[in-house]
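One structure is given below, encoded as structure tokens.
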């Protein structure tokens, strides 16, 4: 009887280990950002316009269904810095732009030099966001836009 109990426990333990390994092996990893617009509703396309800062326009895909516009921006591979006073409630820098010499990111950026936040349906017109990026929930297949300056939309059409 003792051997039967030990065998039953070992069999149960082995089954639990096999199940855990199987679940771990098939658990999907988070999708990596893509350096182009998303296809269909596979994610949220993010457009960042650095033109006012001497750069170009970058387009990337935040795969899946990011919960917020800020999550879409970060999942698409962009680094974001908020302000000392308000954190990420105000996006002060994207990919280190503007530099700390231009804006120390202590308080809210000036109205003539900030990252404006936009939305568009795929291939549609840009509309200025009435919500902050931390509270807006973009739908897969939509486009999020960011442009530095005095509140003009990205300089390219929404992909």
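The values are calculated or read from the model by the stated rules, or taken from the named source; none is laboratory data. This is a predicted model, so every value here is computed, not measured. In this analysis, Cβ positions are derived from the backbone assuming ideal geometry, glycine residues included, and neighbour counts consider all displayed protein chains.
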Selected residue (only one of 143, 106, 156 is at pLDDT 95 or above and exposed (fewer than 13 other Cβ atoms within 10 Å of the Cβ)): 106
Would you call residue 132 at positive phi and assigned to a loop (DSSP other than H, G, I, E, B)? no
Residue ID - surrounded by the most Cβ atoms within 10 Å (Cβ to Cβ), chosen from residues in the stretch 53-73 that are out of contact with any strand residue (DSSP E or B) (no Cβ under 6 Å at 6 or more places or on another chain) and within 22 Å of residue 131 (Cβ to Cβ): 70
For the stretch 87-103, the count of residues that are more than 15 Å from residue 51 (Cβ to Cβ) and either surrounded by 14 or more Cβ atoms within 10 Å (Cβ to Cβ) or more than 19 Å from the chain's Cα centre (by Cα) (or both) equals 11
How many residues, within the stretch 64-90, are touching a residue at least 40 places away in the same chain (Cβ under 8 Å) and more than 21 Å from residue 159 (Cβ to Cβ)? 3
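Have a look at 110, 98 and point out the one that is over 16 Å from residue 38 (Cβ atoms) and free of Cβ contacts under 8 Å to residues at least 40 places away in the same chain. I'd like the intermediate steps shown before the answer.
Working: 98 fails: free of Cβ contacts under 8 Å to residues at least 40 places away in the same chain.
Going through 110, 98 in turn, the sole match is 110.
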Odd one out for residue 61 among (1) under 16 Å from residue 156 (Cβ atoms); (2) part of a loop (DSSP other than H, G, I, E, B); (3) under 10 Å from the mean Cα position of the chain (by Cα): (2)
